[in-house]
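Here the structure comes first, spelled out in C-alpha cells, and everything after it is commentary.
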Amino acid sequence: AHFGDGMTPAALAAAPAVVFDRKDRLQHRFIRTVTGRTLDPPVHYVPSVPAFSETIRHGLGWGLVPEQIAEDDLASGVCVDIAPGRQVDVPLYWQHWRLESAALNALTSAVRAVAAETLR
C-alpha cells in the first residue's frame with residue numbers, strides 16, 4: 001500500500017516501520033542509507049522475535065528481517081522485498097565467560113562453523 005511508486009523518501013517517511021524496541025535503529029539506518037536523509041516514520045514497537053516477523057506478515061508495517069527468516073515468506077508471496085539487492089549487514093558477537101571448558105570450546109567452534117556457512 002505504501003510503496004506503489006517504489007521506495008521513495010515520501011513513502012519511507014509515511015509507511016509504518018516495525019522496530020524491535022526504542023534502542024533499535026536498524027530500520028532508521030536503512031532509511032538513511034537508501035535516501036541520504038534522516039526520516040522519522042511512524043513506528044510499531046514489537047520486542048519479540050517471533051511477533052516481529054508476524055507483525056510484518058500481517059501487513060502492519062515494514063521491517064528488516066534476517067534472510068533465513070524471510071526466505072519462505074518471500075518465496076510464497078506473503079511478504080515482498082521492497083529493496084531488492086540491498087541488505088544491511090549487522091555485526092554479530094559470540095560472548096562467553098573466559099573459562100576453559102571442553103564443552104564451551106566445542107560449542108564456540110560449532111557456532112563459528114555454522115555462522116561461517118550460513119551468514120554473509
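Between 0 and 90 degrees, the angle of helix 102-118 with respect to the longest Cα principal axis of the chain falls at about 40 degrees.
Going by a ≥ b ≥ c, the root eigenvalues of the Cα gyration tensor, does the range 55-120 fall in the rounded group (a/c under 1.5), the prolate group (a/b larger than b/c) or the oblate group? Please list the in-between numbers first.
Details: a/c = 2.90, a/b = 2.76, b/c = 1.05.
The shape class here is prolate.
Close amide H pairs (under 5 Å, H built 1.01 Å from N) link Val18 with His44, Trp62, Gly63, residues at least 5 positions away or on another chain.
Here the chain exposes an accessible surface that is 56 percent carbon and sulfur, computed with a 1.4 Å probe and the other protein chains kept in place.
Suppose all protein chains stay in the model; what accessible area per residue would a 1.4 Å probe give for the chain, in Å²? Walk me through the intermediate numbers first.
Values: 8650 Å² over 120 residues.
About 72 Å² of surface per residue is accessible.
Determine the order of Arg112, Arg37 by accessible area, beginning with the largest, at a probe radius of 1.4 Å. Display every interim value, and only then the final one.
Details: Arg112 165, Arg37 130 Å².
If we order Arg112, Arg37 from most to least accessible, we get Arg112, Arg37.
Solvent-accessible surface of protein heavy atoms, probed at 1.4 angstrom with all chains present, puts Glu54, Glu67 in the order Glu67, Glu54, largest first. Considering helices alone, the calculated mean residue ellipticity of the chain at 222 nm is -13000 deg cm²/dmol, with DSSP H runs of length four and up weighted by -39500 (n - 2.57) and normalised per residue. Pairwise inverse Cα distances across the chain, averaged and inverted, put the Kirkwood hydrodynamic radius at 16.3 Å. Among His96, His58, His28, the residue with the largest mean-square fluctuation in a Gaussian network model of the chain, with springs joining Cα atoms closer than 10 Å, is His96.
Rank these residues by their accessible area, most exposed first, probe 1.4 Å: Arg25, Arg98.
Working: Arg25 130, Arg98 235 Å².
Ranked from most to least accessible, the order is Arg98, Arg25.
The values are calculated or read from the model by the stated rules, or taken from the named source; none is laboratory data. Predicted model only: the values in this text are computed from it and were never measured. Surface areas here come from the heavy atoms of the whole protein model, side chains and all, with no ligands, DNA or RNA. Shrake-Rupley method; radii C 1.70, N 1.55, O 1.52, S 1.80 Å.
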